[in-house]
Amino acid sequence: MPLIAFMLCLLMGAFAFATVLHVVAGLGDVRDRRSLLMAGLCALSIAFNLLVLLAISTADPEALAHWNKLALVFSGLTYPLLLAFFDEGVARLGRAAWAAIAVSTVLLFVAHVLLPYGLQFESIERTRALVLPWGETIHVLQGRLNPWFALASLYAFLLALGCIALQWLRYRRKRETAEAVMLAGAVLFAASGAVGVASRFGLLDFTFAGILGLATTALFVSLVHVHDHRMGREREARERLRQAERLEWLALHDPATGLPNRGGLDSWVSSRAPDRTAALALLGIDHLGRMNEAFGHRVGDALVRELAHRTRRGAGQADFVARLTGDKFAMVIEGEKPEIRLDAILAAAKIPVELDDGLVIETSMSGGFTRLPSTACALPAALQEAESALVAAKETGRGRWMAFDRSTFDRDLRWSQLASQMREGLRRGEFRMVYQPRLHLADESTAGFEALMRWAPAEGPVSPAEFIHIAEESGFILDLGRWGIETAFAQRAAWCTAGLAPGRLSINLSPRQLFDPGLADFIADRLAHHGHGPEDIEFEITESVAMERIAAVLPLLQALAGRGFHLAMDDFGTGYSSLSRLQELPFDVIKVDLTFVRRLGTREGDELMSTLLGLIRTLGRHSVAEGIETATQRDWLRGAGCMEVQGYLFSKPLEAGDAGRWLVDRAT
C-alpha cells in the first residue's frame, strides 16, 4: 500500500475509533451533547480523508475535480460544527448569530454545489503528478482559482477565531486551561498561516493544505481537551479531598456553633485521657423549646450560638466544650473546683441576650456535673451521671447546678428500667386486677368492689404507688388504664353470668387519663359490649387532681355524669377543696382518706371526722370511709352515720377467683 494511503487510512481509523467512543459517551448521558458533536466532527474527518484519498489516487482531471469538490463539502461543514461544539454549555451565541451562520453556510454550500468545480476553481487546466520525498507519486489539480474562494476562506477563518473566543470564555475562570486555549489558538493560527504561505508560493499543494488545516484544528481541540481533562481530574481530586475533610469535620463538630459534637468529645477523651481531678459537666438551656415555639427556630438558633460562645468564653484554656444536642452542652473541667467554673458560666447565661433585630431574651442555663474517670471507656457512664445531676437541677428550680448524687441516679435508673419494662410486661400478662370489697356499714352487706391494679414482673412485685406514678409520667397510663377498664368490665360481666351480685364496680382514673379525648367513648363502647349499665360503674378521681385542674377535668366529669356513671372524689380531706367548688363538681360519692380514719380515738381525730361526714351530708353526697382496720373504727363510723366502708377489717384486695368466692360466702 502506498505510504500516503496508509497514513490517511490510519488517520481515518483513529477518527473512526474516536467517533465510536464519543457516541457511546453521548448516548450514555443524554445531556452530554458535546460528546455527540465531537462524534460528528470525527465522522466528517473520516469522510474528508476518504475523499482526499480517492482524489490523489486518480490521474483523470474530471474524476479528480469531482472528488476534490466533495472533499471541500465536508471540510466546509467542519467549522460550523466545531463552533457548535465549543458553544455547547456556554451559550454565548444567540439565535440571531446562529441564524446568520446557518444562512452563510447554506449559501456557500449551494454555490459550491452549483458551480462546476466548486468554490475552489473557476476552471481546470490540468493534473500534475507530484513526486513525494519518499518517491511516491500522487496527482493534484491545477487551474484558475475562483474569486469566491477567498471569501469562503475568510469565513472559515472567522469561524476558527470564534472557536478560540468561545473556548477562552468557557475556561477563563480556570487559569491553567485558559492558558492552554491561548497556546493552542496560537499554534492553530501559526500553522494555518504557514500552510497559507506555502500554498500561495506553490510550496504546498492545496489538497495537503486542507489536510494540514484539519489536522491543525484537531490538534487545537485535542490540546485543549487533554489539558482540561487533566486539570479536571486534579480539580475533582481537590474537591474530593475538600469534601472528605468537610465530612470529617462534620463528623466531629456541630455546624451551627462550630463546637465539637458527641463524636468530637469521644475522640478528645480517647486521645487525651483527662486528669483524675477532671469533672464532666452537662449544661442545658432552660426552656429552649418554648422559645422556639414563641419566637421561631431562627431566634432559637441565634440564642444557642450566643450561649455556646459564652460557655466557651467561660471555660478555662485546658477545658473542653462540646454541643451534644439541641439545648445541651458538655464540658470537661480540669481542676479541683468545677463549681467555680459553673457558677461563672451560669451567671453569664443569665445576662439578657440581645439579637440583631433588637429582640432581647431573658434566658438561663442549668448544669449538672460528676467526676470523670481517667479511662475513656467510662465516658458513657459519666454522661449518664451528669445527665442525672442536670435533671435534678432542673427539677429544683433551674438556673442552678447540682453535683451527681448516687441515690438520685439509682432512682432515675429504676424509673427508666420500669418504664421500659411495663409495655412488654402488659403483653406478657404480668399485670392483673384485684378487687377490694366495699360494704354498706348499716348491715355490712356487699355494696361493690374497688378494682385495683397489680404488677408482678419476674424480678418481683412492684408497688402500685411506684409503677402507677411511672406510667403516668411516661404516658403509658393511657394504654394501661384502658386495659384496666376492659379487664374490670369483663370480670364483672363474668360474675353476673355466674349468677352473683357484685354490686357497683369502682375504677380509678389517673390525672392523664382525664385528658384522653377518646376515653368517654371508649368506656361507653366497652360498657355496651359487656352488657353493663352506667349505674353499675363508678369512677374515682383524687381530690387534688379535681381541685387543681378543675377547668380541664370538668368537661370529662360532666360527660361521664351525663351518661349516668357514678363519680367519686377519692382521698377527700387531703386537698384544698372549697365548698363552692365541691358544689360545682358532679361527684355523688366522697371517700374520706384513711389518714383521718387512723386518727379516730383521739379528740382531734373524732372532731375532724365528724366535721367531714357532716359536710358530706350537707352537700347531699354519699360517704365512704377507707382503711378500716379495727372494730372500734367501724363502730365509731357507724354511730357517726357513715354510709359505706372498706378496709382490711373486712377484706384485703382479692384475686378475681377469691372475690367470686367471697360473694358466694356473703350470699349464704
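The values are calculated or read from the model by the stated rules, or taken from the named source; none is laboratory data. Values in this document were obtained by computation on a predicted structure and should not be read as measured data. Every residue, glycine as well, gets a Cβ built from its backbone with ideal geometry; the counts of neighbours run over all protein chains shown. Side chains included, ligands, DNA and RNA excluded: accessible areas come from the protein's heavy atoms. Shrake-Rupley method; radii C 1.70, N 1.55, O 1.52, S 1.80 Å.
Pop the C-beta distance of residue 619 and residue 250 into the FRET formula with R0 = 51 Å and round what comes out to the nearest 0.05. It comes to 0.15. Here's the list of lysines a cross-link from residue 591 could span, going by alpha-carbon distance under 29 Å and ignoring same-chain residues fewer than 8 apart: 652. For the residues 497, 370, a 1.4 Å probe over the protein chains yields an accessible-area ranking, largest first, of 497, 370.
Residue 117 contributes about 60 Å² of solvent-accessible surface, heavy atoms of the protein only, 1.4 Å probe. Taking 0.36 nm per residue of separation and subtracting the current Cα-Cα distance, fully stretching the chain between residue 551 and residue 490 would add 18.7 nm. Look at the dipole of segment 359-468 built from charges on Cβ: of 461, 363, 448, the Cα furthest out on the positive end belongs to 363. Qualifying GluC sites (Glu not before Pro) in segment 430-517, where qualification requires a DSSP coil assignment and no more than 15 other C-beta atoms within 10 Å, comprise 444, 459. Note on residue 240 and residue 463: the model spin-label points, each 7 Å out from Cα along the C-beta direction, lie 6.5 nm apart. Which is farthest toward the positive dipole end of segment 418-571 among 546, 425, 561, measuring Cα position about the Cα centre, with Cβ charges +1 (Lys, Arg) and -1 (Asp, Glu)? Working it through, the farthest residue towards the positive pole turns out to be 425. Each residue, residue 559 and residue 607, gets one label point 7 Å from its Cα in the Cβ direction; the gap between the two is 4.5 nm. Using R0 = 60 Å, the C-beta based FRET efficiency linking residue 442 and residue 407 works out to 0.75. If you sort 642, 496 by accessible surface, 1.4 Å probe, largest first, the order is 496, 642. For segment 273-337, averaging the sequence separation of C-alpha pairs within contact (under 8 Å, six or more residues apart) and dividing by the residue count gives a relative contact order of 49 percent. Full extension of the chain between residue 293 and residue 648 gives 122.6 nm of extra length, using 0.36 nm per residue less the Cα-Cα distance. Rounded, prolate or oblate: which fits segment 515-668 when a ≥ b ≥ c are the square roots of the eigenvalues of the alpha-carbon gyration tensor, with rounded for a/c under 1.5 and prolate only if a/b beats b/c? It comes out oblate by the Cα gyration axes. Taking all protein chains as they are arranged and a probe of 1.4 Å, the heavy atoms of residue 554 leave approximately 40 Å² accessible to solvent.
A full extension of the chain between residue 148 and residue 667 corresponds to an added length of 173.9 nm, given 0.36 nm per residue minus the alpha carbon distance. A cut-off under 12 angstrom between Cβ atoms defines the neighbours of residue 251, and their net charge, with Lys, Arg +1 and Asp, Glu -1, is -2. Quick check: net charge around residue 555, other residues with Cβ under 14 Å of its Cβ, Lys/Arg +1 and Asp/Glu -1? So the environment of residue 555 carries a net charge of -1. Only one residue of 315, 331, 378 has its Cα farthest out toward the positive end of the dipole of segment 299-398, where Lys and Arg carry +1 and Asp and Glu -1 on Cβ, and that residue is 378. Here each label is just a point 7 Å from Cα along the line to Cβ, and for residue 599 and residue 100 those points are 10.7 nm apart.
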